[in-house]
Amino acid sequence: MKDESNISASLANDALRNRDVTVFQELYTTYSEPLYLLAFRWVKDSSLAKDIVHNLFAHLWDRGGDIVITGQVRSYLYRAVTNLCINELKRRKRHIGEEILQFQADGHSFFEISDYILFQQELMQHLGTLAPRCREILLLSRVHGLEPSEIAEKLGISVNTVYFQLSVALKSLRGRIGPKKNS
């Protein structure tokens, strides 16, 4: 992921109004991945999260002249994705607790989301270092919510192998992204 963009709200507004491809590409390059992670956090569906982010940027390009961004561009984009996700979840009539739908974009919530996105990026980076089977078992367990017996059956391996691979994966991840002990 690219570092935080230095595009101000006024520059973004001018660029969207004038269809400045360079600034639009910088916005996309900078924010598409963290926005995808945020959308995925809400909808728990990879392709839907990608569609939501794509639709946001398509809307910005198509309706850029009508949009006025105030405050930070990052906050505007995060709030827009959050709203799109909530609307999509409502449309799909999923059962969501009322407190989730009352999300407020205060500073504390914003930093929680930022921390979560950064953590997910670091986690995905470290998952790539695991052996393929170990990574697959961890994802089936932690992301897809399968029980060890279901994973064993699905992959045609023993339950003990699943437990062993999960312990290897978790130990590796704890060592790489867990809290660092002061020496």
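Bear in mind that the values in this text are calculations on the coordinates, not laboratory data. Please read these numbers as outputs of a predicted model, since none were measured by experiment. Heads up, the Cβs are rebuilt from the backbone with ideal geometry, glycines too, and the neighbour counts pull from every protein chain shown.
Details
- Checked against a 27 Å cut-off, the cross-linked pairs 44/154; 90/171; 44/171 give Cα-Cα distances beyond that limit for 90/171.
- Label point of residue 61 set 7 angstrom out along Cα-Cβ; within the stretch 17-43, amide nitrogens under 19 Å from it belong to 17-36.
- Computed over neighbours whose Cβ is under 14 Å from that of residue 20, the net charge equals 0, Lys and Arg +1, Asp and Glu -1.
- In terms of packing, defined here as the mean over residues of other Cβ atoms within 10 angstrom, the peptides 76-89, 149-162, 51-64 line up highest first as 76-89, 51-64, 149-162.
- Karplus-derived 3J(HN,Hα) values for the stretch 70-78, using 6.51 cos²θ - 1.76 cosθ + 1.60 with θ = phi - 60°, are 10, x, 7, 4, 4, 4, 4, 5, 5 Hz; glycine and proline are entered as x.
- FRET efficiency, 1/(1 + (r/R0)^6) with R0 30 Å, evaluated for residue 75 and residue 21 via beta carbons: 0.80
- Once the Cα-Cα distance is subtracted from the 0.36 nm per residue extended length, the residue 91 to residue 170 segment shows a gain of 24.8 nm.
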